[in-house]
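The values are calculated or read from the model by the stated rules, or taken from the named source; none is laboratory data. Bear in mind the structure is a predicted one, so any value in this text is a computation, not a measurement. Using ideal geometry, Cβ is built from the backbone for each residue, glycine included, and neighbour counts are taken over all protein chains shown. Ligands, DNA and RNA are excluded from the accessible area calculation, which covers all protein heavy atoms including side chains. Shrake-Rupley method; radii C 1.70, N 1.55, O 1.52, S 1.80 Å.
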Amino acid sequence: MKNKAEVVIIGGGVIGCSIAYHLAANGMKDVVVLEKEYLASGATGRCGAGVRQQWGTEMNCRLSSGSARDFENMNEELEYEGDIEFIQGGYLLVAYTEHQVEQFRKNVALQNSLGIKSKFLTPLEAQEIVPHLNIDPLLAATFHDKDGHANPFHVTQAYANAARRLGVQINTYTTVLGIKREGDKVTGVITDRGEISAPIVVNAAGGYADVVAKMAGVNVPTYSERHQILVTEPVEAMQGPMVMSFHHNTYCQQTPHGSFLMGLGENVEPSHEIRGSWQFLKEMSDKITEMLPPLRHLRIVRQWAGLYHMSPDKTPILGGTEELQGFQMAVGFSGHGFMIAPMTGRLMAANILGLDHKDKDILATLNIERFAKGELFVEPSVV
Amino acid sequence: MSNKEYDNTIICRCEDITRGELHRWIDQGVTNLEELKRLSRATMGPCQGRTCRQLILQEIAARTGVPISEAIIPSYRQPLRGVTLGAIADMKLDEEEKPHEK
């Protein structure tokens with residue numbers, strides 16, 4: 001392991017690997033990535049894998065639609081020898097209350113103004129897209145055919161392989177124990193395999209971003225909470241889009257492999273707990289058999305849990321901080337880091353290298369200073 | 001056994017993963033089962049690795065020279081056996097057992 005680098009990135013998830021690749025692709029090759037276990041072993045590899053552009057704030061819409069364009073060309077851009085399995089089967093968002101219908105109308109107007117061609121649908125139109133959807137209590141839905149899902153392990157691997165080819169050093173099974181600072185400047189990282197001195201340290205630690213910030217003596221208003229998922233045996237293709245309900249707090253997609261993957265937002269206390277619970281199994285089964293009745297015949301083969309790292313407005317915190325020079329953050333993704341990792345990598349790299357980027361205003365807007373100024377961007381559409 | 005037969009032997013029969021495919025991943029540096037299963041899908045089918053996990057650990061050990069006793073073993077995840085969503089949904093729970101409502 002190197003003992004000196006220009007940039008050290010803490011976290012070998014999709015965010016850390018995307019930032020590493022974009023730094024190297026822009027000429028900054030003296031980069032080290034540190035990962036406590038294996039690549040995508042944390043929040044990335046445990047996520048629902050969805051890639052949607054139907055968001056309720058301008059920032060999330062722009063981050064996700066820019067990222068979707070990257071996913072479309074990712075196998076070629078990163079010269080990946082595998083396949084990131086990006087499938088644009090769309091996202092069908094379903095509304096069961098008047099309040100949700102109103103929110104969906106606002107969201108579609110915003111999305112359309114930003115070039116995202118989402119549509120407002122009646123229950124019958126929604127059922128044409130997903131024939132096994134129970135529309136009995138449904139009031140309306142929205143659909144965007146360019147949304148979809150990708151494989152988080154392969155996306156992370158694709159970024160990591162491309163970064164390595166450009167000279168980035170990725171150290172797995174390496175735990176960060178501390179962050180070195182002199183006055184208000186960061187100077188390096190202490191790991192269980194030795195120290196690395198570096199003028200720039202990036203916190204891309206996902207569910208543990210709060211722990212890493214604390215090591216640096218930087219205050220972040222973020223915390224982790226457990227979210228759970230289950231997957232069924234594979235069956236023949238029968239569901240194109242991801243179906244998502246903010247009312248049931250659930251989402252459900254059929255993967256290219258044929259299995260159905262579904263998750264649920266629960267009311268839990270902040271923690272780093274990632275053991276699964278039987279209560280989830282019960283609540284998930286109750287809700288999904290009501291929403292998508294034929295799925296009751298599918299066998300569950302596995303359940304697991306991962307961490308959402310929540311920010312106060314459910315929108316990420318990107319860029320540097322006045323508290324500590326050289327300390328960069330890409331944290332607080334609140335459950336949608338995977339789908340915006342491509343744009344996050346581009347913008348963070350541009351910021352670190354002082355390059356121009358047409359969407360650079362996003363970084364200034366989503367800087368941590370927004371909380372002190374009270375300029376929040378509350379995302380209404382999160383499961 | 002010819003080389004082709006040796007490579008084409010299916011190790012993970014739920015996901016149709018051959019020995020040759022596992023070797024290709026191992027040779028790329030994916031040398032523990034945690035990473036190998038996520039990239040290749042081996043052990044992730046209906047039997048959840050109950051048939052192939054030991055075979056794959058043997059293949060990794062033989063290919064890398066690292067003994068199985070030092071191998072990284074992934075978590076076993078619930079449910080222990082495949083069970084339908086309908087069977088769980090139809091279960092009636094006593095009042096005190098119910099998951100908290102949102």
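Considering the stretch A:201-224 alone, what residues qualify as being of a type in the set (Val, Ile, Thr) and either open to solvent by less than 40 Å² (accessible area, probe 1.4 Å) or not assigned by TED's automatic domain parsing to the domain that holds residue A:318 (or both)?
Filtering the stretch A:201-224 down to residues of a type in the set (Val, Ile, Thr) leaves A:201-202, A:211-212, A:218, A:220, A:222.
Selection gives A:201, A:202, A:212, A:218, A:220, A:222.
Go through the stretch A:151-196 residue by residue and tally those that are over 30 Å from residue A:70 (Cβ atoms) and touching a Pro at 6+ places or on another chain (Cβ under 9 Å).
3
Between a residue in the stretch A:17-39 that is on the phi > 0 side of the Ramachandran plot and any residue that is open to solvent by 10 Å² or more (accessible area, probe 1.4 Å), which pairs come within a Cβ distance under 9 Å, given they are 6 or more apart or on different chains?
As it stands, the answer is A:27/A:353, since those pairs meet every condition given.
For the stretch A:189-200, enumerate the residues that are farther than 21 Å from residue A:353 by Cα and open to solvent by 40 Å² or more (accessible area, probe 1.4 Å).
Looking only at the stretch A:189-200, we keep the residues that are farther than 21 Å from residue A:353 by Cα, and these are A:190-195.
Passing the criteria: A:190, A:192, A:193, A:195.
So which of A:63, A:39, A:93, A:114 is under 19 Å from the mean Cα position of the chain (by Cα) and more than 22 Å from residue A:251 (Cβ to Cβ)?
Details: A:63 fails: more than 22 Å from residue A:251 (Cβ to Cβ); A:93 fails: more than 22 Å from residue A:251 (Cβ to Cβ); A:114 fails: under 19 Å from the mean Cα position of the chain (by Cα).
From the options A:63, A:39, A:93, A:114, the qualifying one is A:39.
For every residue, the table says whether it meets (1) open to solvent by 10 Å² or more (accessible area, probe 1.4 Å); (2) assigned to a loop (DSSP other than H, G, I, E, B); (3) touching a His at 6+ places or on another chain (Cβ under 9 Å); (4) without any contact (Cβ under 8 Å) to a residue 40 or more places away in the chain.
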| position | (1), (2), (3), (4) |
| --- | --- |
| A:226 | yes, no, yes, no |
| A:229 | no, no, no, no |
| A:234 | yes, yes, yes, yes |
| A:237 | yes, yes, no, yes |
| A:240 | yes, yes, no, no |
| A:243 | no, no, no, no |
| A:248 | yes, yes, no, no |
| A:256 | yes, yes, yes, no |
| A:261 | yes, no, yes, no |
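Give me the pairs: first residue in the stretch A:1-16 and touching a residue at least 40 places away in the same chain (Cβ under 8 Å) and assigned by TED's automatic domain parsing to the domain that holds residue A:180, second residue aromatic (Phe, Trp, Tyr) and outside any loop (DSSP other than H, G, I, E, B), beta-carbon distance under 6 Å, and six or more apart or on different chains, which are they?
Partner pairs satisfying both residue conditions: A:14/A:338.
Hey, among A:43, A:25, which residue is under 19 Å from residue A:318 (Cα atoms) and either open to solvent by less than 20 Å² (accessible area, probe 1.4 Å) or touching a Leu at 6+ places or on another chain (Cβ under 7 Å) (or both)?
On the way: A:25 fails: under 19 Å from residue A:318 (Cα atoms).
Residue meeting the stated conditions: A:43.
Confirm whether residue A:115 is surrounded by 17 or more Cβ atoms within 10 Å (Cβ to Cβ) and in contact (Cβ under 8 Å) with a residue 40 or more places away in the chain.
Values: surrounded by 17 or more Cβ atoms within 10 Å (Cβ to Cβ): no; in contact (Cβ under 8 Å) with a residue 40 or more places away in the chain: yes.
So residue A:115 does not fit the description; no.
Among the residues in the stretch A:347-361, are any crowded, with 20+ Cβ neighbours inside 10 Å, more than 19 Å from residue A:220 (Cβ to Cβ) and at pLDDT 95 or above? Reasoning before the result, please.
Keep residues of the stretch A:347-361 that are crowded, with 20+ Cβ neighbours inside 10 Å, which gives A:347-349, A:351-352.
Among the residues that remain, those that are also more than 19 Å from residue A:220 (Cβ to Cβ) are: A:349.
Now drop any that are not at pLDDT 95 or above, which leaves A:349.
Yes: one or more hits.
Consider residue B:20 carefully, then state whether it is at positive phi and away from every other protein chain (no Cβ under 13 Å).
Working: at positive phi: no; away from every other protein chain (no Cβ under 13 Å): yes.
No.
Could you go through the stretch A:298-311 and let me know if any residue there is within 16 Å of residue A:366 (Cα to Cα), open to solvent by less than 20 Å² (accessible area, probe 1.4 Å) and not in a strand (DSSP E or B).
Within the stretch A:298-311, one or more residues are within 16 Å of residue A:366 (Cα to Cα), open to solvent by less than 20 Å² (accessible area, probe 1.4 Å) and not in a strand (DSSP E or B).
Mind listing just one residue for me: the one in the stretch B:2-17 that is open to solvent by 50 Å² or more (accessible area, probe 1.4 Å) and more than 14 Å from every other protein chain (Cβ to nearest Cβ) and, of those, nearest to the chain's Cα centre (by Cα)?
Of everything passing the filter in the stretch B:2-17, B:10 is nearest to the chain's Cα centre (by Cα).
I need every pair where a residue in the stretch A:298-313 that is under 18 Å from residue A:48 (Cα atoms) and more than 7 Å from chain B (Cβ to nearest Cβ) has its Cβ under 6 Å from the Cβ of a residue that is in a strand (DSSP E or B) and open to solvent by less than 10 Å² (accessible area, probe 1.4 Å), sequence separation at least 6 or different chains.
Pairs found: A:305/A:228; A:307/A:224; A:309/A:224.
Answer yes or no as to whether residue A:186 is within 14 Å of chain B (Cβ to nearest Cβ) and open to solvent by less than 10 Å² (accessible area, probe 1.4 Å).
Spelling it out, it is not the case that residue A:186 is within 14 Å of chain B (Cβ to nearest Cβ) and open to solvent by less than 10 Å² (accessible area, probe 1.4 Å).
Condition first: outside any loop (DSSP other than H, G, I, E, B) and closer than 16 Å to residue A:65 by Cβ. Now tell me which residues in the stretch A:349-364 satisfy that.
If the condition is that a residue be outside any loop (DSSP other than H, G, I, E, B) and closer than 16 Å to residue A:65 by Cβ, then A:361, A:362 are the ones that fit.
Inside the stretch A:221-242, can you point out the residues that are of a type in the set (A, V, I, L, M) and closer than 27 Å to residue A:276 by Cβ? Before the answer, list the steps.
In the first step, residues of the stretch A:221-242 are kept if they are of a type in the set (A, V, I, L, M); the result is A:229-231, A:235, A:237-238, A:242.
A:229, A:230, A:231, A:235, A:238, A:242, listed by residue number.
When you go through B:40, B:75, B:69 one by one, which is the residue that is within 11 Å of chain A (Cβ to nearest Cβ), out of contact with any strand residue (DSSP E or B) (no Cβ under 6 Å at 6 or more places or on another chain) and of a type in the set (S, T, N, Q)? Can you show your working first?
Numbers: B:40 fails: out of contact with any strand residue (DSSP E or B) (no Cβ under 6 Å at 6 or more places or on another chain); B:69 fails: within 11 Å of chain A (Cβ to nearest Cβ).
Among B:40, B:75, B:69, only B:75 is within 11 Å of chain A (Cβ to nearest Cβ), out of contact with any strand residue (DSSP E or B) (no Cβ under 6 Å at 6 or more places or on another chain) and of a type in the set (S, T, N, Q).
Please specify each residue of the stretch A:141-178 satisfying the condition of being surrounded by fewer than 20 Cβ atoms within 10 Å (Cβ to Cβ) and closer than 28 Å to residue A:290 by Cβ.
Scanning the stretch A:141-178 gives a single hit, A:145.
Considering only residues of the stretch A:283-297 that are open to solvent by less than 20 Å² (accessible area, probe 1.4 Å) and more than 7 Å from chain B (Cβ to nearest Cβ), which is nearest to residue A:344 (Cα to Cα)?
The qualifying residue nearest to residue A:344 (Cα to Cα) is A:284.
Can you report the number of residues in the stretch A:265-283 which are in contact (Cβ under 8 Å) with a residue 40 or more places away in the chain and either under 22 Å from residue A:99 (Cβ atoms) or not in a loop (DSSP other than H, G, I, E, B) (or both)?
Within the stretch A:265-283, residues that are in contact (Cβ under 8 Å) with a residue 40 or more places away in the chain and either under 22 Å from residue A:99 (Cβ atoms) or not in a loop (DSSP other than H, G, I, E, B) (or both) number 4.
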